Amino acid sequence: MNDFSAAIALPAAITTQFKDWEARGFDADRCPMRNILDRIGDKWTMLVLMALAVEPRRFGMLMRVVPDISKRMLTQTLRLLERDGLITRHVFATTPPSVEYRLSPLGCSVLEPLHALAQWAEANFASITFARARYDDGLGRTDP
């Protein structure tokens, strides 16, 4: 174990996972971290999943509750989430037809780690904002 990992006491499970992904070459098709987090880590995906965790929603309501998302980006995000099995699309035989989006069981299973990440972001937002400002002011750089 190197000094860095000893200093921050990395859990053995994380180092084992990383070494496994490293051995596979971080190929996005075979690496769960890159493949899944490319989707989940997208800002729109996280917000849409969180909005659907509150309740099933129609497209128009998602447009209102997810700030600054365009219709095109919301459509794309919903399609990708449906493709990944994280949400389901329900069409109701009304005139005009109405469509509602819901979390699937798989989508519900991501809420716990998503919640942990959201809590971490809330708890550390001020520190990260301060670090960014310090870096941008040239005070955080350690290289010559």
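The table for this structure:
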read-out: Complete set of residues in the stretch 17-63 that are more than 16 Å from Thr77 (Cβ to Cβ), open to solvent by less than 50 Å² (accessible area, probe 1.4 Å) and aliphatic (A, V, I, L, M); value: Ala28
read-out: Tally, over the stretch 20-64, of residues that are over 19 Å from Ala118 (Cα atoms), among the small types (Gly, Ala, Ser) and assigned to a helix (DSSP H, G or I); value: 2
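The values are calculated or read from the model by the stated rules, or taken from the named source; none is laboratory data. Fair warning: this is a prediction, and the values are worked out from it, not measured in the lab. In this analysis, Cβ positions are derived from the backbone assuming ideal geometry, glycine residues included, and neighbour counts consider all displayed protein chains. Ligands, DNA and RNA are excluded from the accessible area calculation, which covers all protein heavy atoms including side chains. Shrake-Rupley method; radii C 1.70, N 1.55, O 1.52, S 1.80 Å.
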